[in-house]
Amino acid sequence: MKKLSLVALATMAFLVSCSDETTVYSDPKDDVVLEGDQSVLDNSISFDNSGVLDIFEQDKSTGRFSKSSNDGEAGDYPLTLVAQVNSPTYSGTLLTASHVDVEGDYAYVSYNTAGATYLGGVDAINISDPNNPRVTGRLYYTNADINAVKYDNGYVYIAGGFDSEKSATADFNSFVGKITVSNGRFDLGGGITYGFQEGFNATDVKVMGDKLLVASGKDGLLRVYDKNTVEMVQEVPFADLRAMAVKDNDIAILDGSHGVSLLDANLETKQDIAINSDFGDFSKRTLDFYEDKIIVSEGSKGAGVYDLSSGTLLEHVPILINPDGVDSSDIVTNAVAINEGVVLMANGGAGLCLSEDNGNNTDLVGIIELNGSINYVESKGDYAFAASGKSGLQIIKMNKPSASLVAACTETPIYEGSSNLSVDTGAILAYSGSKRFRTLNVNGSLLLCGSWTVREAVNINENAVFEMNGTLVVARNNKRRNVTLGEGATFRVEGNLTIYGDLILNEGATLEFLGANSVVNVFGDVVRNGNTEITGTFRDVQNKF
């Protein structure tokens, strides 16, 4: 395993340039360790809890939260847990995910360690195949916390803190590093370029054109570096910088001492939004732009939504649930993320909350069924990434229908009805949409065009016909259920079918795959009882056919 030293790096920065700004260091030392054991990377992915995610919704009459009732309506948002990335362990210490950046086929995750210990790391995760995410690269920092990560054009930029007291020459704890990465693998051959700055601990890093922006916590700075050389360009001091958001030429910063400041590209303050909230000491908090608004994680108050032009508070999105047995200090909004009108709030011990922005206000949907305390969330494209203590990083697929699928479904009505969909003998039904079902029971003919999840079993009974175009996911890996084709039944699949359980074909049953791009992912067994037929072209993810 190749190693680099951050402490020695700081010493070299002093000896070579007599400044705290920039250095390149590549000699083998002790403090940066590149994981060289492929089995460690492979075993970091867990599918134990993968599968259909329900959403705990609030009963307006009682105020209680529960899963979809047995006789309730089918819910929106057919979410699935793809996999979990187990948090790395180094020398017996468990690291925790601090930040996620998603770009193209990869998610980059930074890790740190709570308390006085400085220990962190970075993962590169290939998510190009939604059925099979892979950790392709990992490095550990044995004397540094990594609090934020950003990928840009072949490099990963990291921000964090290390113990400057262990160095005779380094005065500042906060640093930014530039690491070469190719196809999800970290390349340390050319060294890591670092910059150092005042501040207790660097909390965030963003790329803005050819500039690199770094925030460095209490008594720190918002500093601009040249993205290519990591040489300092400009800086402005702030009392307690927690996070940044960038939109076009505007920069929003969250300062725990007063609230949000909106800056232009020259770091001139355009507007201050005073926020009277307790952001906590040294606690993770984020903010995000959305259209003409900005949403801010405000600890125990939930998330605040502010008008960008006036700074007016539009609403507070509250924390939905107060779980028994959870310390009140862990029931706080740590992070927010927005994805095409979906608002996700990482509420610590109160879980991951999903809401909808309808333009005028935010409508609460419910709490996503996840394990662990949710400390950070990021969402982009069809994915959301939730960081949750001992449960690691949880990769959630939102299963949004593609534009082409939506167009193909326009001839069929949107499904609005029970979470238990039953088709009577002789009935011919067709629906489009994106729904969460409890059960599917087909005796006649059913077409589903869109994205669907089923919590319990799917039964295609004797001589029945079930056609799906899009995505269908059945059950969870830790609570398996079967898809059963009765005698003479027909199941036609065009798209992506995932079953956490067995696929059972009885005498005379037919499974047809349409088109050239269908994918089937069966976590149980394919059971063929008697004379059955399977036709068409498909990719068998688990090699069960």
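Worth pointing out:
- Residues that are in contact with a strand residue (DSSP E or B) (Cβ under 9 Å, 6 or more places away or on another chain), among the polar types (S, T, N, Q) and part of a loop (DSSP other than H, G, I, E, B), drawn from segment 409-429: 410, 412, 419
- Per the listing 506, 531, the residue uniquely within 19 Å of residue 464 (Cβ to Cβ), surrounded by 19 or more Cβ atoms within 10 Å (Cβ to Cβ) and not hydrophobic (A, V, I, L, M, F, W, C) is 506.
- Contact map, segment 188-202: first residue on the phi < 0 side of the Ramachandran plot, second residue modelled with pLDDT of 90 or more and charged (D, E, K, R), Cβ cut-off under 6 Å, separation 6 or more or different chains; pairs are 193/178; 197/223.
- Residues (buried (at least 19 other Cβ atoms within 10 Å of the Cβ) and among the acidic types (Asp, Glu)) located in segment 370-386: 378
- When restricted to residues that are of a type outside the set (A, V, I, L, M, F, W, C) and surrounded by 14 or more Cβ atoms within 10 Å (Cβ to Cβ), segment 269-302 contains 16.
- Just so you know, in segment 510-545 the residues that are without any contact (Cβ under 8 Å) to a residue 24 or more places away in the chain and polar (S, T, N, Q) include one that is farthest from residue 499 (Cα to Cα), and it is 517.
- Residue check for residue 179: farther than 17 Å from residue 233 by Cβ, crowded, with 20+ Cβ neighbours inside 10 Å, more than 24 Å from the chain's Cα centre (by Cα) and of a type in the set (A, V, I, L, M): no
- Complete set of residues in segment 315-347 that are surrounded by fewer than 16 Cβ atoms within 10 Å (Cβ to Cβ) and hydrophobic (A, V, I, L, M, F, W, C): 326
- With respect to (1) assigned to a loop (DSSP other than H, G, I, E, B); (2) at pLDDT 95 or above, the lone exception for residue 122 is condition (1).
- When the residues of segment 452-489 are filtered to those that are among the hydroxyl-bearing types (Ser, Thr, Tyr) and out of contact with any Lys or Arg (no Cβ under 7 Å at 6 or more places or on another chain), the one that is surrounded by the most Cβ atoms within 10 Å (Cβ to Cβ) is 471.
- Test: residue 406 is outside any loop (DSSP other than H, G, I, E, B), of a type outside the set (Asp, Glu) and surrounded by fewer than 22 Cβ atoms within 10 Å (Cβ to Cβ): yes
- Scanning segment 95-122 for residues that are touching a Lys or Arg at 6+ places or on another chain (Cβ under 8 Å), touching a residue at least 40 places away in the same chain (Cβ under 8 Å) and of a type outside the set (Ser, Thr, Tyr) yields 101, 102, 122.
- Residue in segment 361-369 that is free of Cβ contacts under 8 Å to residues at least 40 places away in the same chain, surrounded by 15 or more Cβ atoms within 10 Å (Cβ to Cβ) and either within 20 Å of residue 330 (Cβ to Cβ) or over 28 Å from the mean Cα position of the chain (by Cα) (or both) present: no
- Per-region count, segment 201-231, residues of a type in the set (Val, Ile, Thr), surrounded by fewer than 18 Cβ atoms within 10 Å (Cβ to Cβ) and part of a loop (DSSP other than H, G, I, E, B): 1
- Test set (1) surrounded by fewer than 23 Cβ atoms within 10 Å (Cβ to Cβ); (2) farther than 23 Å from residue 337 by Cβ - residue 259 fails condition number: (2)
- Scanning segment 187-228 for residues that are more than 24 Å from residue 253 (Cα to Cα) and either among the hydroxyl-bearing types (Ser, Thr, Tyr) or at pLDDT 95 or above (or both) gives a single hit, 193.
The values are calculated or read from the model by the stated rules, or taken from the named source; none is laboratory data. From a predicted model like this one, the values you see are computed outputs, not experimental measurements. All Cβ positions, even for glycine, are placed from backbone atoms using ideal geometry, and neighbour counts span all protein chains on display.
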